[in-house]
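Encoded as structure tokens, the structure appears first; notes follow it.
The values are calculated or read from the model by the stated rules, or taken from the named source; none is laboratory data. Model, not experiment: these values are computed from the prediction. Counting neighbours? That spans all protein chains shown, and the Cβs are built from the backbone with ideal geometry, glycine included. Each accessible area value is taken on the protein alone, full model and side chains, heavy atoms only, with ligands, DNA and RNA left out. Shrake-Rupley method; radii C 1.70, N 1.55, O 1.52, S 1.80 Å.
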2 protein chains.
Amino acid sequence: MRFPKLFERLATLTPLPPEQWAKAEAVAKEQSLSKRELFLRPGDPADRFAVVLQGVFRAVRVSPRGGESIKAFRAEGELIGAYAEMLQRRSSMTAIEALEPSHVLVFQTQDFQQLEQGHVCWERLARRVAEQHFVLKERREQEFLELSAEERLVKFWEEHPHLKGRIPQRDVAAYLGITEVALSRIMSRRRREASR
Amino acid sequence: MRFPKLFERLATLTPLPPEQWAKAEAVAKEQSLSKRELFLRPGDPADRFAVVLQGVFRAVRVSPRGGESIKAFRAEGELIGAYAEMLQRRSSMTAIEALEPSHVLVFQTQDFQQLEQGHVCWERLARRVAEQHFVLKERREQEFLELSAEERLVKFWEEHPHLKGRIPQRDVAAYLGITEVALSRIMSRRRREASR
DNA sequence: CCTCCGCCTTAACCCAGGTCAAGCCCAGGT
DNA sequence: ACCTGGGCTTGACCTGGGTTAAGGCGGAGG
């Protein structure tokens, strides 16, 4: 077993027989990415995903009008991939970019479907993953509906302390749905008010 | 089979043996709700969900500060329930309220878990449902990130034409994340500009 | 050592949407 | 026919965040 820690993490979601995990490891490939390198670029078929072994990624959506917004940051132990597009069998609208030199474990969705045919545990895992992703998105929706940009910022750092120092400010802004200018203003206001 | 149309709809998501569907119908109970009646109220355990047979519902979240925001509208053929809370085994933070005299088919999550034990098709169905919910929430997130209130409004009516005339304006506003005042202004501006 | 570049900050101005408050319209009840 | 109340609109004013543009600053490369 090459990745025992990953195995354990997944096994907390659903019972996962070690021999099934062995099959998964057999089809997975490791990949290294340098800073700024893309794991997935817009237009690519959404036919692969990966687990982050080391590093941080951002999932960027470039809107038709050219604006960039950030759907998520992903660090160690988390999944990267154009999940929504994969489910809809479309090509990716999303770029997934390494913010640091990174290392990931890649699966082809096709190979994963093979695994699903072999044992129900993979379907159960896929269900858990879908459910978790849903819960996260719903939480984010909630934040857009009832919090101001400043409140969203505070919450962001509460929920992602491990990202501190690893992601540029402008990306935090793009994640919160504001410009870097607005974010800078918010931060300086807070600094000023905190010191008084 | 009491609900052949519903059966067909679900069978498009995943193969669903008729005898399994029969078991589901056996544990389901019909319920009628009058206008303004709550299917679920905040604080209730999230231990039941339903399919809308007739009517429209809104899923309302009352924030700690008292503001109401609307997570979704649900009409015929759609699911109602505190899905996120169910997955997290929490009690509901959400009220689900009938906007019209309505009629639904209720399942206890407990009974549904029984069905899951009996046949994998139910797990597969649950997976599809989770995935679909995810895709919808992600689309909504996207809209908050890159569209103005006016653009969200236009898109809302494009995507939910069947709700026209069935939901009060203020609820549309609460769904879009703005006040009813702002919505009214946007609409009058559009009327004015359209006539010119 | 200087320069360039990427990233952040600050300032000035603008606009969408919030807030508060006054009306309006109309359906339902008496 | 008259009230009443709920839901929508309108106006005046305020504020948060967008836009544009001008620096500041620290690190990499000449």
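Which ranges mark the helices (runs of 4 or more DSSP H) fully within segment A:139-196 that have 3 or more residues being closer than 30 Å to B:D171 by Cβ and more than 12 Å from DNA strand C (Cβ to nearest atom)?
Working: elements: A:149-159, A:169-176, A:180-195.
The qualifying helices (runs of 4 or more DSSP H) are A:149-159.
Per-residue answers, yes or no, for (1) free of Cβ contacts under 8 Å to residues at least 40 places away in the same chain; (2) out of contact with any helix residue (DSSP H, G or I) (no Cβ under 7 Å at 6 or more places or on another chain); (3) open to solvent by 30 Å² or more (accessible area, probe 1.4 Å); (4) more than 23 Å from B:F49 (Cβ to Cβ):
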{"position": "B:T109", "(1), (2), (3), (4)": "no, no, no, no"}
{"position": "B:F134", "(1), (2), (3), (4)": "yes, no, no, no"}
{"position": "B:E138", "(1), (2), (3), (4)": "yes, no, no, no"}
{"position": "B:E146", "(1), (2), (3), (4)": "yes, yes, yes, yes"}
{"position": "B:K155", "(1), (2), (3), (4)": "yes, no, yes, yes"}
{"position": "B:H162", "(1), (2), (3), (4)": "no, yes, yes, no"}
{"position": "B:I167", "(1), (2), (3), (4)": "no, yes, no, no"}
{"position": "B:A174", "(1), (2), (3), (4)": "no, yes, no, no"}
{"position": "B:I178", "(1), (2), (3), (4)": "yes, no, yes, yes"}
Only one of these conditions is not met by B:F112: (1) within 16 Å of DNA strand D (Cβ to nearest atom); (2) farther than 30 Å from A:R65 by Cβ. Which number is it?
(1)
